[in-house]
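The values are calculated or read from the model by the stated rules, or taken from the named source; none is laboratory data. No experiment lies behind these values; they were computed from the predicted model shown. Because the Cβ atoms are built from the backbone with ideal geometry, glycine has one as well, and the counts that use them run over all protein chains shown.
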Amino acid sequence: MSEQLVNAIADMREEEALKLVKEMVEGDSDPLEILDDARKAMDVVGKRYEEGTYFLPELMLAGEMLNQITDILKPKLAELPEAERLGKVVVGTVAGDIHDIGKNIVTFMLDVNGFDVLDLGVDVSPQKFVEAIGDFQPQVVGLSGFLTLAFDTMKETVDAITAAGLRDNVKIMVGGGQMDDQVKVHTGADAYGRDAMAAVKLAKDWIGG
Amino acid sequence: MEKEQAQMSADEKLEANIQKLLSPKGPDGNDLQFQSPEAEANYKASITRIADAVKLKEPDRVPVTVLPSMFPFINAGMTIEEAMYDYDKCAAAFKEFILEFEPDMHIGAAAPGPGKFYEILDYKLYSWPGHGVAPEHCYQCNEGEYMTAEEYDLLLMDPSFYFRNFYLPRVFGALGGFQMLAPWTSTLEMYGLAFNYVPFALPPVQATFQALFDAGAEALKWAGAMGGSNGELTTLGYPNILGGFTKAPFDVIGDTLRGTKGIMLDMYRRPEKLLAAMDALVPIMIGMGVGAAQQTGNPLIFIPLHKGADGFISDEQFKKFYWPTLKQVMMGLISEGCIPFPALEGHWDSRMEVIQDIPKGKTAWMVDQSDIQKVKATLGQNACLIGNVSSSMLNLGTPQDVSDYVKNLIDTVGQGGGLIVGNGAFFDEAKPENVKAMVDTAKEYGAY
């Protein structure tokens with residue numbers, strides 16, 4: 001393990017991190033080990049976000065660094081190794097709403113915390129959620145929405161999941177914009193989460209890990 | 001004799017603006033004719049109440065406002081598409097809304113905006129009914145990187161040139177011709193002058209100007225309907241004191257130009273450029289607000305606040321990147337007698353220690369999901385608070401829930417003045433009986 005690389009990424013020193021990776025690749029370091037360091041650094045970033053010392057700029061820069069490092073390593077790897085996953089989560093912004101910033105952050109945080117996440121995008125119909133639950137078999141479903149219109153489309157989505165006989169297979173969390181516990185009750189979801197860390201915590205509580 | 005505007009202090013300018021509101025003029029320049037003595041009395045009582053609340057004095061009772069997004073049109077059984085395309089229907093629905101709920105203050109029927117105008121210009125920054133959004137849903141922003149990371153120097157050199165030649169062609173499909181125009185600042189001497197004007201003979205530039213003429217005609221048609229609506233509501237005793245809007249420089253770059261991801265990466269990759277660009281935007285944002293206030297005669301300048309909310313950035317980043325230029329914009333507005341009206345959209349609990357550092361009794365802040373008791377103890381010591389009945393309560397609660405909540409607001413946050421009861425976030429769907437309970441409770445229970 002290169003402590004220097006882990007720290008450079010975790011401390012947001014982008015240029016240094018990329019320089020180190022290039023040097024390590026040229027020095028014939030094992031690309032899998034470099035990738036493992038990058039993942040360790042992401043754990044640190046996730047913890048600092050959880051503790052409230054890191055915020056969105058750090059998550060976004062960390063994501064950028066990880067992408068660039070993966071791009072450098074790709075030619076050296078036959079295939080990207082799959083990390084062990086804690087469980088599966090489907091997320092999406094509900095029908096009628098096209099906001100995606102909050103949803104993307106939740107997806108990112110679930111991913112770096114070890115969940116296999118299927119992001120269905122924005123303006124996702126109840127039917128598409130139902131199909132994804134059938135195909136992907138997640139334990140958790142995250143419904144995102146920014147507008148008050150989402151109160152009802154979230155409810156419709158939960159109702160559609162129930163009607164398809166899948167409600168008992170999944171835990172459902174809602175979040176975004178104007179959501180709160182009152183909205184959770186209205187939609188029939190299991191929980192409301194205020195931010196991405198809340199989503200991670202809910203998923204961990206439900207799935208374990 | 002009245003003092004010249006330029007010689008007045010900020011306080012005198014604000015007083016002059018409030019006096020202007022208290023003696024409204026009709027389109028002919030003479031004193032506005034109210035439809036009844038009662039309407040005139042209601043109008044003046046509402047203005048006085050709001051001015052007192054802003055100045056942190058106790059009015060006769062707690063003023064109440066309803067600040068909707070699309071609620072008036074949904075409540076009238078219309079689709080958002082209808083509200084955006086039928087200006088008269090939009091104005092009529094808004095009038096019904098005001099007559100039904102009778103708030104002390106409103107912000108006009110302009111929220112839907114003119115759909116046809118956006119269509120003519122082929123606006124890309126938003127999706128709206130019929131253009132990426134269903135007829136019954138509100139328009140929504142398509143955030144993106146409309147300014148690249150490499151363009152900060154261009155923006156800094158000449159923001160107007162940058163907006164015209166780079167930004168506008170990216171967000172308006174019909175304004176591509178702007179890319180071909182020389183900067184206006186190239187017009188200096190007789191020699192060589194004509195070269196600058198050759199592009200106006202070219203079809204893409206002419207098509208761009210034709211689109212602007214058409215869009216302008218549509219905007220005028222819409223503005224006529226909106227102005228008529230405001231005028232009529234004033235004669236009925238319901239003031240609109242919204243003068244216009246401006247934005248925090250951080251949000252100009254984060255919402256409009258670089259996008260959330262762009263600005264957040266810039267905080268690490270090019271902080272000096274980002275700070276310089278925000279500095280350059282300060283006088284422009286002050287001018288935008290002051291200009292709108294002069295044009296409309298209304299001093300309240302709305303500032304929607306977005307990317308400084310809890311959870312977006314750290315406190316240190318907030319102090320370095322978000323607050324300094326926002327404060328400068330507000331101070332610039334205050335010095336011209338305007339009332340900054342920032343909306344703390346979402347949660348802002350962690351920012352209170354910082355943002356309470358503003359002059360006393362000069363601003364009115366819309367509070368959404370922040371803990372309003374704590375806001376009162378901090379920011380609320382210096383500023384009037386508007387709020388904060390939540391969208392979820394208005395939509396999913398009962399009139400009793402709303403009434404209990406408003407009573408508690410009045411008993412606590414209303415102590416000593418400085419509270420305008422209202423909703424916390426601009427809302428679309430809500431139960432009308434809940435909106436009614438919000439207004440009626442404030443009126444019945446809010447006497448000082």
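Listing for the model above:
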{"read-out": "Count of the stretch B:272-317 residues which are within 14 Å of another protein chain (Cβ to nearest Cβ) and either farther than 15 Å from residue B:252 by Cα or in a loop (DSSP other than H, G, I, E, B) (or both)", "value": "12"}
{"read-out": "Residue in the stretch A:140-151 that is at pLDDT 95 or above, out of contact with any Asp or Glu (no Cβ under 9 Å at 6 or more places or on another chain), within 14 Å of chain B (Cβ to nearest Cβ) and closer than 29 Å to residue B:80 by Cα present", "value": "no"}
{"read-out": "Residue check, residue A:173 outside any loop (DSSP other than H, G, I, E, B), under 25 Å from residue B:306 (Cβ atoms), within 14 Å of chain B (Cβ to nearest Cβ) and at pLDDT 95 or above", "value": "no"}
{"read-out": "Checklist (1) away from chain A (no Cβ under 14 Å); (2) surrounded by 22 or more Cβ atoms within 10 Å (Cβ to Cβ) applied to residue B:264, failing item", "value": "(1)"}
{"read-out": "Inter-residue pairs, beta-carbon under 8 Å, first among the basic types (Lys, Arg) and in the stretch A:47-63, second modelled with pLDDT of 90 or more, 6+ apart", "value": "A:48/A:10; A:48/A:54; A:48/A:58"}
{"read-out": "Tally of residues being in a helix (DSSP H, G or I) and within 14 Å of another protein chain (Cβ to nearest Cβ) across the stretch B:405-428", "value": "1"}
{"read-out": "Criterion: within 30 Å of residue B:394 (Cβ to Cβ) and either touching a Leu at 6+ places or on another chain (Cβ under 8 Å) or free of Cβ contacts under 8 Å to residues at least 60 places away in the same chain (or both) - qualifying residue of A:135, A:116, A:100", "value": "A:100"}
{"read-out": "All positions within the stretch B:60-70 that are surrounded by 24 or more Cβ atoms within 10 Å (Cβ to Cβ) and over 19 Å from residue B:225 (Cα atoms)", "value": "B:62, B:63, B:64, B:65, B:66, B:67"}
{"read-out": "Those residues of the stretch A:177-203 which are of a type in the set (Val, Ile, Thr) and closer than 20 Å to residue A:129 by Cβ, in sequence order", "value": "A:183, A:185, A:187"}
{"read-out": "Test: residue in the stretch B:297-305 that is polar (S, T, N, Q) and modelled with pLDDT under 95", "value": "yes"}
{"read-out": "Any chance residue B:196 is in contact (Cβ under 8 Å) with a residue 24 or more places away in the chain and among the polar types (S, T, N, Q)", "value": "no"}
{"read-out": "Only listed residue being closer than 18 Å to residue B:228 by Cβ and aliphatic (A, V, I, L, M), chosen from B:107, B:74, B:50, B:80", "value": "B:107"}
{"read-out": "The one condition in (1) crowded, with 22+ Cβ neighbours inside 10 Å; (2) under 28 Å from residue B:313 (Cβ atoms); (3) in contact with a Leu (Cβ under 8 Å, 6 or more places away or on another chain); (4) free of Cβ contacts under 8 Å to residues at least 40 places away in the same chain that residue B:402 fails to fulfil", "value": "(2)"}
{"read-out": "Looking only at the stretch A:152-170, and only at residues there that are assigned to a helix (DSSP H, G or I) and among the aliphatic types (A, V, I, L, M), the one that is farthest from the other protein chains (Cβ to nearest Cβ)", "value": "A:163"}
{"read-out": "Top-ranked residue of the stretch B:140-157 - restricted to ones that are of a type in the set (D, E, K, R) and over 25 Å from the mean Cα position of the chain (by Cα), ranked as surrounded by the fewest Cβ atoms within 10 Å (Cβ to Cβ)", "value": "B:150"}
{"read-out": "Residues (more than 18 Å from the chain's Cα centre (by Cα), assigned to a loop (DSSP other than H, G, I, E, B) and farther than 21 Å from residue B:39 by Cβ) located in the stretch B:84-139", "value": "B:86, B:122, B:124, B:130, B:134, B:135, B:136, B:137"}
{"read-out": "Which numbered condition residue B:169 misses (of (1) within 30 Å of residue A:152 (Cα to Cα); (2) touching a Gly at 6+ places or on another chain (Cβ under 7 Å); (3) not in a loop (DSSP other than H, G, I, E, B))", "value": "(1)"}
{"read-out": "Scan of the stretch B:158-211 for residues that are polar (S, T, N, Q) and surrounded by fewer than 17 Cβ atoms within 10 Å (Cβ to Cβ), ordered by number", "value": "B:160, B:179, B:185, B:186, B:187, B:196, B:206, B:210"}
{"read-out": "Cross-chain or 6+ apart pairs with Cβ under 6 Å, the stretch B:1-18 first and within 18 Å of residue B:298 (Cα to Cα), then at pLDDT 95 or above and not in a loop (DSSP other than H, G, I, E, B)", "value": "B:10/B:334; B:10/B:335; B:18/B:51"}
{"read-out": "Residues located in the stretch B:304-342, provided they are crowded, with 23+ Cβ neighbours inside 10 Å, out of contact with any Gly (no Cβ under 6 Å at 6 or more places or on another chain) and among the aliphatic types (A, V, I, L, M)", "value": "B:305, B:313, B:326, B:329, B:330, B:339"}
{"read-out": "Criterion: acidic (Asp, Glu) and more than 20 Å from the chain's Cα centre (by Cα) - qualifying residue of A:111, A:100, A:135, A:159", "value": "A:159"}
{"read-out": "Condition check for residue A:195: away from every other protein chain (no Cβ under 14 Å) and acidic (Asp, Glu)", "value": "no"}
{"read-out": "Qualifying residues in the stretch A:176-192 (those that are assigned to a loop (DSSP other than H, G, I, E, B), of a type outside the set (Asp, Glu) and more than 12 Å from every other protein chain (Cβ to nearest Cβ)) - the one surrounded by the fewest Cβ atoms within 10 Å (Cβ to Cβ)", "value": "A:188"}
{"read-out": "Residue identified as basic (Lys, Arg), in contact (Cβ under 8 Å) with a residue 40 or more places away in the chain and over 30 Å from residue B:68 (Cβ atoms) among A:128, A:88", "value": "A:88"}
{"read-out": "Flag if residue B:46 is out of contact with any helix residue (DSSP H, G or I) (no Cβ under 6 Å at 6 or more places or on another chain), among the small types (Gly, Ala, Ser), at pLDDT 95 or above and loosely packed, with under 14 Cβ neighbours inside 10 Å", "value": "no"}
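To keep it simple, each residue is scored yes or no on (1) at pLDDT below 95; (2) in contact with a Leu (Cβ under 7 Å, 6 or more places away or on another chain); (3) closer than 16 Å to residue B:428 by Cβ.
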| site | (1), (2), (3) |
| --- | --- |
| B:103 | no, no, no |
| B:107 | yes, yes, yes |
| B:114 | no, no, no |
| B:117 | no, no, no |
| B:123 | no, no, no |
| B:128 | no, no, yes |
| B:133 | yes, no, yes |
| B:137 | yes, yes, yes |
| B:140 | yes, no, yes |
